[in-house]
Amino acid sequence: MRLSTKGLIVKENNFSDDRLVVALTPDRGLIKAFVRGARRLKNRNASSTGLLCYSDLTFFKYKDTYTLDEASVIEVFFELRSDIEKLSLAQYFCELALSLAPEEAEAEEFLRVVLNALSFLSNGKRDKRLIKAVTELRLLSISGYMPDIVACAGCSEYEQDEMFFDTVSAKIFCPKCKPETPLIPVNRGVLFAMRHIIYSDINKLFMFSLSDQSLKILASVTEKYLLAQTERIYNTLDFYHSIVKE
Ligand SMILES: [Zn+2]
């Protein structure tokens, strides 16, 4: 069966002449496929199946195995390769996609979030911490880890100057109802940003700003929430932190 779609290459493994890639596609989520002879210089698919290429892809599917027949580049995020900080974040977004996106299921919003994140990372129009926080929290929200932060879990209070987020129960509490467990204090700006990331239309997802102080808190909250909920290690995230001092 032949299948034509678009996809972002989120993983590539090279061995001898061949390449194994994982593409994030809008209609079938993650697709793992072989690219025969991809490393031969003259192979026309070589440059369109590298990591972070967004390409038109044509697969051949036999039983459960996909082979990539044709690929032509729509966008290659070249600018990312000249900045190690940006590149490491881009690779982290790929690892998030690999760990959270579905297989053999629709993943259009997932793909759009990651592509938008890569665009903003490339053009430098948004703070890197904002891009990272938005990507983490929105991807978590669309993969079954949406926190319940509409109102205090105890008394339904909508907002206060300071509220408290529980990364384990995924709930928010006002100062009166806050349990005696370690929670993260969030101010109005951070809470507004978290609600925006979860509920906003995807076209407006990255369109907000925060003070430097609040951005630091937001970045820390979304990362702690990701680690608490998914209970795993992200090598690309550890690498990012090893080169960035924030
Ligand atoms: Zn309360």
- prompt: Restricting attention to segment 87-106, does a residue exist that is assigned to a strand (DSSP E or B) and touching a strand residue (DSSP E or B) at 6+ places or on another chain (Cβ under 7 Å)?
  reply: yes
field: Only one of F192, F206 that is part of a helix (DSSP H, G or I), modelled with pLDDT of 95 or more and surrounded by 15 or more Cβ atoms within 10 Å (Cβ to Cβ)
entry: F192
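Residue by residue, here is whether (1) within 22 Å of Y145 (Cβ to Cβ); (2) modelled with pLDDT under 90; (3) surrounded by 19 or more Cβ atoms within 10 Å (Cβ to Cβ) holds:
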site: T49; (1), (2), (3): no, yes, yes
site: S55; (1), (2), (3): no, no, yes
site: F59; (1), (2), (3): no, no, yes
site: F77; (1), (2), (3): no, yes, yes
site: E104; (1), (2), (3): yes, no, no
site: A107; (1), (2), (3): yes, no, yes
site: V114; (1), (2), (3): yes, no, yes
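Please verify whether T181 is of a type in the set (S, T, Y) and within 16 Å of the ligand (Cβ to nearest atom), treating the condition exactly as stated. Give the derivation first.
Numbers: of a type in the set (S, T, Y): yes; within 16 Å of the ligand (Cβ to nearest atom): yes.
Spelling it out, T181 is indeed of a type in the set (S, T, Y) and within 16 Å of the ligand (Cβ to nearest atom).
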Single residue of segment 113-163 satisfying the filter (touching a residue at least 60 places away in the same chain (Cβ under 8 Å) and assigned to a loop (DSSP other than H, G, I, E, B)) that is farthest from D212 (Cα to Cα): Y145
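Identify the residue in segment 215-246 that is β-branched (V, I, T) and part of a helix (DSSP H, G or I) and, among all such residues, is surrounded by the fewest Cβ atoms within 10 Å (Cβ to Cβ).
For segment 215-246, the residue satisfying everything is I243.
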- request: State all residues of segment 164-176 that are part of a loop (DSSP other than H, G, I, E, B), over 19 Å from I197 (Cβ atoms) and either touching a Phe, Trp or Tyr at 6+ places or on another chain (Cβ under 9 Å) or away from the ligand (no atom under 16 Å from the Cβ) (or both); if no residue qualifies, say none.
  value: V168, C174, P175
field: Close pairs from segment 164-181: first closer than 13 Å to Y145 by Cα, partner small (G, A, S) and away from the ligand (no atom under 11 Å from the Cβ), Cβ under 6 Å, at least 6 apart
entry: T167/A228; V168/A228
- line: Conditions (1) in a loop (DSSP other than H, G, I, E, B); (2) out of contact with any Asp or Glu (no Cβ under 7 Å at 6 or more places or on another chain) -> A23 fails only (1)
query: Is segment 199-215 home to any residue that is touching a residue at least 40 places away in the same chain (Cβ under 8 Å) and within 16 Å of the ligand (Cβ to nearest atom)?
result: no
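The values are calculated or read from the model by the stated rules, or taken from the named source; none is laboratory data. A quick note: this is a predicted structure, and the numbers were derived from the prediction, not measured. Cβ sites come from the backbone with ideal geometry, for glycine too, and all protein chains shown count toward neighbours.
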